[in-house]
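Beneath this line is the structure, given in structure tokens, with notes to follow.
Here, each number is a calculation from the coordinates, and none is a lab measurement. Please read all numbers here as calculations on a predicted model, not as lab measurements. In this analysis, Cβ positions are derived from the backbone assuming ideal geometry, glycine residues included, and neighbour counts consider all displayed protein chains.
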Amino acid sequence: MSKPKALLAYPVVKEIQDYLEEFTNLSTLDFSKPNTYEDVVAAIKDVEGAVVLGTRIDENLLSHGSKLKVISNITVGYNNFHIEAMKNRGVAGTHSPGILDNTVADFVMGLLIATGRRITELNSFVKEGKWTRIDNSHLFGKDISGSTVGIIGMGRIGEMVAKRCSLGFDMDVVYYNRSRKMEAEEKLGVRYVEKDELLKISDYVVLLTPLTDETYHILSHNEFSMMKKDAIVINASRGPVIDELALIEALKEGRIAGAGLDVYEKEPMDLDNPLLKMDNVITSPHISAGTQKTMNALAWNAAKSMVSFLVHKKAINIIPEMKGDF
Ligand code: GLV
């Protein structure tokens, strides 16, 4: 039996590529250069399946890939999928849930502590030779232990962050979510509050929602104006859950104290983005899941999901909106 044609649109370790080559007639993009959406469109023509990371899967791309049966996202987030367009063309989407939760939660704690205690500023201060006297009170930060953290989006990652904050750092943890998480409330001592209440009482506001129509710009002008003046915002979910211009304005006007950001409305971000000039903003390049171990596990999951669908005719890791369709 001939192997199905497939595309690998993101570089993975050799073992995973070997596995894909064993089961499919695999083509890859040119990984010696950064690839664009157009590169994927140009390579999608004859393939039945593709492993992607972050590529926008929209009607235009699908119209160039009329043989497509499945797109396997390396990531857990799948806001790059235009679900209706995929459904209309009968193309399945898979993703990678339950793999990166601890890795991302660790990174969120890193961002939270680094922003609250101003660690990158301290690092520059010392390395730039500015540490010339004992009184450094102008560099004092904000406590982590004993403060209140408000988590918006209590999914698996939210729970892992709540666990660290509550059990590890003795923080008061409140959360806002579409549904109550009774088990987490009992196990971790976290408390459900409405969004406005969360914004009013939290010292740290942590965003961990998927990006959907409901969560788009969930923090905007109105929300920033409700927050404490010394509040810090942490975002390691998706950039557009924050209205970035409103965030910039709130930071400039001192309506909040700082932000730790792994994600942005435009990625990679423009070099003239004002966030890059703010000392009270810590930035990282959408890398909260970025350990080799976790990235390999995510890529394995995508590769196996695609092969399972195309070769073994078994749909696994299908996104929730398509469950039961395949
Ligand atoms: C990373 O951002 C993911 O969604 O897996």
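Where does the stretch 68-171 land on Rg(C-alpha)/(2.2 N^0.38 Å)?
Details: Rg = 20.5 Å, N = 104, 2.2 N^0.38 = 12.8 Å.
Here the answer is 1.60, to two decimals.
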Calculated log₁₀ intensity ratio I(q)/I(0) where the Debye formula runs over C-alpha points of the chain, q = 0.10, 0.12 Å⁻¹: -0.64, -0.88
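With viscosity set to 1.306 mPa s at 10 °C, what whole-number translational diffusion coefficient in µm²/s follows for the stretch 101-283 from Stokes-Einstein and a Kirkwood radius over Cα pairs? Before the final figure, lay out each step's value.
Numbers: Rh = 16.6 Å.
So the translational diffusion coefficient is about 96 µm²/s.
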Beta bridges by DSSP in the chain, antiparallel share as percent, to the nearest 5: 5 percent
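For Glu214 and Asp18, compute 0.36 nm times the residue count separating them, minus their Cα-Cα distance, and round to one decimal in nm.
66.5 nm
Please compute the length gained on full extension between His312 and Arg180, using 0.36 nm multiplied by the number of residues separating them and subtracting their Cα-Cα distance.
43.8 nm
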Under the Karplus curve 6.51 cos²θ - 1.76 cosθ + 1.60, θ = phi - 60°, whole-Hz ³J(HN,Hα) for the stretch 81-88, x wherever Gly or Pro sits: 7, 8, 4, 4, 4, 5, 4, 4
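Applying a 10 Å radius around every beta-carbon, put 55-65, 86-96 in order of their mean neighbour count, most first.
On the way: 55-65: 17.6, 86-96: 20.2.
Order by mean packing, descending: 86-96, 55-65.
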P(r) histogram, all alpha-carbon pairs of the stretch 108-151 included - 10 Å bins from 0, percent: 24, 48, 22, 6
Potential lengthening between Ser124 and Asp272 on full extension [0.36 nm per residue; Cα-Cα distance subtracted]: 51.2 nm
Translational diffusion of the stretch 181-326, µm² s⁻¹ [Kirkwood Rh, Cα pairs; Stokes-Einstein; 4 °C; 1.567 mPa s]: 73 µm²/s
Computed FRET value (nearest 0.05) for Arg191 with Lys229, which takes r as the C-beta separation and R₀ as 30 Å: 0.85
Separation between Cα centres of the stretch 1-32 and the stretch 233-308, rounded to whole Å: 29 Å
Span per principal axis, largest first, for the Cα atoms of the stretch 174-234 (Å): 33, 28, 17
